[in-house]
Structure formats: structure tokens, C-alpha cells
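Asker: Have a look at this one.
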Amino acid sequence: MTIADRAASAVTWIGDWVIKSVTDFIEQTGKIILFFNESVRLIFAKPSRFPEIIKHMEFIGNQSIAIISLTGVFTGLALSFQIYLGFKMFNAVNMVGPVVALGITRELGPVLTGLIVAARAGGAMAARLGTMRVNEQIDALDVMGVNTKQYLISPRMVAAVICMPLLTAVFDFVAMLGSYVLCVKLVQLDEAVFWQRIKDMIEVKHINEGLFKSAVFGLFFALICTYRGFNTTGGAKGVGDATNQGVVQSMVAIIILDYFLTNLIRFYYNVMGIS
């Protein structure tokens with residue numbers, strides 16, 4: 001085989017791989033959109049699944065508070081210390097508090113909360129639904145006349161959307177508590193100036209921006225993880241693959257969504273004339 005033939009073969013293989021990847025992506029996206037549409041529509045269907053929503057809120061929300069609080073405290077400590085070291089070179093250490101507060105409420109709070117909860121609760125969603133699928137429990141529910149999407153999917157999505165802003169608020173609070181400890185107790189910045197600077201720069205819209213993002217993140221990680229779990233195939237190996245795909249794709253989606261949501265919010269502020 002000549003060099004030209006090898007080059008042509010390589011180009012053909014790459015082209016086939018790209019086409020297949022794009023086709024698979026479009027197909028999976030379409031299936032997820034249909035899955036999402038049906039799941040959202042069934043939220044309001046009868047019978048009410050309110051007890052299931054409460055059960056999943058306890059799992060997603062209450063059981064995540066400890067890890068969210070621990071992560072938030074050390075995020076506030078680490079971020080404050082790094083910003084303090086940088087601002088110290090320019091004699092602007094009094095700006096550490098508001099800069100940390102802006103970063104936490106608008107970006108780090110919702111993103112880190114989304115990543116943590118997607119890994120903990122989202123992975124569990126995919127694993128549980130995947131296990132039910134390979135054990136034919138979902139098929140049994142179908143035979144019994146239970147709408148499995150309304151019973152298994154919709155309550156998880158609602159619970160995630162409700163709990164994520166609450167968990168983000170907890171993260172924001174404990175992160176700022178960590179920042180306070182670092183700035184006031186450890187590096188001896190003036191406490192009154194620390195809080196006054198934050199009060200002057202932080203507005204309600206900054207907090208709401210992060211809470212809105214977190215609700216969207218909750219919707220997406222619940223959608224992706226439940227979709228992967230609900231459509232599991234291949235026995236025990238399939239459950240592991242579905243869990244892995246759900247968690248990884250949820251994390252990637254959260255990071256990508258954060259960028260686009262940030263720009264969307266900025267565009268909304270410009271249209272509405274909000275500074």
C-alpha cells in the first residue's frame with residue numbers, strides 16, 4: 001500500500017468516525033429532548049406523586065448538606081487566601097471580601113454545588129434506575145399499569161430543581177463564613193470594613209443569578225442521569241456504564257451551561273437596562 005493510499009484510508013476513517021459521532025450525538029439529543037418533554041408533561045398528571053417528590057428531596061437535599069457545607073467552608077478559605085495574597089501586592093486587601101462574595105454567589109456556588117450533587121445524587125439516580133431496569137422491575141411496573149416515567153423520573157426532576165437553589169444558598173453562606181474566618185480571624189483584616197465592602201458591592205440580583213443557575217443545573221443533571229439509568233442495557237456492566245456516563249455528562253453539561261447562562265443573564269440585563 002502506497003503512502004497516498006494510507007493517507008486516503010486514514011482520512012476516510014476519520015471522516016466516518018466524525019459522521020458517526022455527530023449522528024449519534026444528534027440522535028441521543030433528540031431522544032433526551034423527547035424524554036424530557038414527556039417527563040415534564042407527566043409532572044402534572046394524575047395520580048399525584050407528591051410523596052415521591054418529598055422522598056427524593058430528602059435524598060438530594062438533606063443528605064447533601066454535610067458535603068456541601070464542608071466543601072463550601074474550605075472553598076471560602078482557599079479562595080479568600082489566594083485573593084488576599086494577590087491583592088496584598090497592590091494594597092487592596094479590603095476588596096477581598098466583596099470579590100470572594102461575587103465569585104461565590106455568581107459562579108463558584110452554583111457550579112460547585114451542581115458538580116457535587118450531580119456526582120452524589122445524580123450517580124445514585126442512574127445506578128438505582130439502571131438496576132431496576134436490568135432486574136426487570138421497571139418492566140413489572142409497566143405490566144401493572146404504572147406510568148414509570150411519572151413515578152420514577154418526574155419526581156426526581158422536580159426534587160432536583162427545588163433542592164439545588166437551597167443547597168446553593170447553604171454553600172454561599174458557609175463559603176462566606178470561611179472567608180470571614182480567613183480574612184478577619186487569621187489575617188486580621190478589619191471586620192467592619194470587611195462586611196461594609198460586601199454590603200456595598202453585593203446586590204440581590206447577584207445572589208438570584210446563582211440560584212437561577214443552580215436550578216437549571218439541577219434540571220439538567222437529573223434529566224441526564226435519569227435518562228441514562230432508565231435506558232440501561234447489558235446487565236451489571238450496563239449499570240456501571242450508565243452511572244459513569246450520567247455523572248460525566250452531567251458535569252460537562254454543568255460547566256458548559258454555566259458559560260452560556262452567564263452570557264444569557266448579561267444579555268438580559270443589557271436589554272432590561274440593569275447595570
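The values are calculated or read from the model by the stated rules, or taken from the named source; none is laboratory data. Since the model is a prediction, treat every value here as computed from it, not as a measurement. Reconstructed Cβ throughout: ideal geometry from the backbone, glycine too, with neighbour counts over all protein chains shown.
Asker: If I filter segment 173-183 for residues that are β-branched (Val, Ile, Thr), outside any helix (DSSP H, G or I) and in contact (Cβ under 8 Å) with a residue 40 or more places away in the chain, do I get at least one hit?
Answerer: no
Asker: Would you check if residue 200 is surrounded by fewer than 14 Cβ atoms within 10 Å (Cβ to Cβ) and over 21 Å from residue 74 (Cβ atoms)? Break it down stepwise before answering.
Answerer: Working: surrounded by fewer than 14 Cβ atoms within 10 Å (Cβ to Cβ): yes; over 21 Å from residue 74 (Cβ atoms): yes.
Judged against the criteria, residue 200 is a match.
Asker: If we scan segment 44-58, do we find a residue that is part of a helix (DSSP H, G or I), without any contact (Cβ under 8 Å) to a residue 40 or more places away in the chain and basic (Lys, Arg)?
Answerer: Within segment 44-58 (the criterion being part of a helix (DSSP H, G or I), without any contact (Cβ under 8 Å) to a residue 40 or more places away in the chain and basic (Lys, Arg)), the answer is no, since none of the residues qualifies.
Per-residue answers, yes or no, for (1) farther than 25 Å from residue 245 by Cα; (2) surrounded by fewer than 10 Cβ atoms within 10 Å (Cβ to Cβ):
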| residue | (1), (2) |
| --- | --- |
| 6 | yes, no |
| 11 | yes, no |
| 32 | no, no |
| 36 | no, no |
| 40 | no, no |
| 51 | yes, yes |
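Asker: Going by the structure shown, is residue 220 out of contact with any helix residue (DSSP H, G or I) (no Cβ under 8 Å at 6 or more places or on another chain) and without any contact (Cβ under 8 Å) to a residue 60 or more places away in the chain? Write out each step before concluding.
Answerer: On the way: out of contact with any helix residue (DSSP H, G or I) (no Cβ under 8 Å at 6 or more places or on another chain): no; without any contact (Cβ under 8 Å) to a residue 60 or more places away in the chain: yes.
So residue 220 fails the test.
Asker: Of these, 207, 138, 224, which one is under 30 Å from residue 274 (Cα atoms), of a type outside the set (S, T, N, Q) and either out of contact with any Phe, Trp or Tyr (no Cβ under 6 Å at 6 or more places or on another chain) or not in a helix (DSSP H, G or I) (or both)?
Answerer: Answer to the check: 207.
Asker: Here's a follow-up. Is there a residue being charged (D, E, K, R), at pLDDT below 90 and in contact with a helix residue (DSSP H, G or I) (Cβ under 9 Å, 6 or more places away or on another chain) anywhere in segment 9-30?
Answerer: no
Asker: Restricting the search to segment 79-105, which residues are surrounded by fewer than 20 Cβ atoms within 10 Å (Cβ to Cβ), touching a residue at least 60 places away in the same chain (Cβ under 8 Å) and not aromatic (Phe, Trp, Tyr)?
Answerer: Within segment 79-105, the subset surrounded by fewer than 20 Cβ atoms within 10 Å (Cβ to Cβ) is 81-82, 85-92, 94-95, 98, 102-103.
Checking the rest, the ones that are also touching a residue at least 60 places away in the same chain (Cβ under 8 Å) come to 81, 94-95, 98, 102.
Of everything in segment 79-105, those that are surrounded by fewer than 20 Cβ atoms within 10 Å (Cβ to Cβ), touching a residue at least 60 places away in the same chain (Cβ under 8 Å) and not aromatic (Phe, Trp, Tyr) turn out to be 94, 95, 98, 102.
Asker: Separate question: How many residues does segment 184-197 contain that are crowded, with 17+ Cβ neighbours inside 10 Å and either part of a loop (DSSP other than H, G, I, E, B) or of a type in the set (A, V, I, L, M) (or both)?
Answerer: Going through segment 184-197 one residue at a time, the tally reaches 2.
Asker: I would also like to ask the following. Does at least one position in segment 256-274 carry a residue that is in contact with a Leu (Cβ under 7 Å, 6 or more places away or on another chain) and within 25 Å of residue 65 (Cα to Cα)?
Answerer: Within segment 256-274, not a single residue is in contact with a Leu (Cβ under 7 Å, 6 or more places away or on another chain) and within 25 Å of residue 65 (Cα to Cα).
Asker: Collect the residues in segment 211-257 that are surrounded by 18 or more Cβ atoms within 10 Å (Cβ to Cβ) and charged (D, E, K, R), keeping them in residue-number order.
Answerer: Scanning segment 211-257 gives 213, 228.
Asker: In this structure, is residue 86 at pLDDT 95 or above and either in contact with a Phe, Trp or Tyr (Cβ under 6 Å, 6 or more places away or on another chain) or assigned to a helix (DSSP H, G or I) (or both)?
Answerer: no
Asker: For segment 107-118, indicate whether the set of residues that are at pLDDT below 95, in contact with a helix residue (DSSP H, G or I) (Cβ under 9 Å, 6 or more places away or on another chain) and over 19 Å from residue 221 (Cα atoms) is non-empty.
Answerer: no
Asker: State whether one or more residues within segment 132-148 are under 21 Å from the mean Cα position of the chain (by Cα) and either under 23 Å from residue 223 (Cα atoms) or crowded, with 21+ Cβ neighbours inside 10 Å (or both).
Answerer: no
Asker: Now, a different point. Go through (1) more than 30 Å from residue 231 (Cα to Cα); (2) at pLDDT 90 or above; (3) among the polar types (S, T, N, Q) and name the single condition residue 63 misses.
Answerer: (1)
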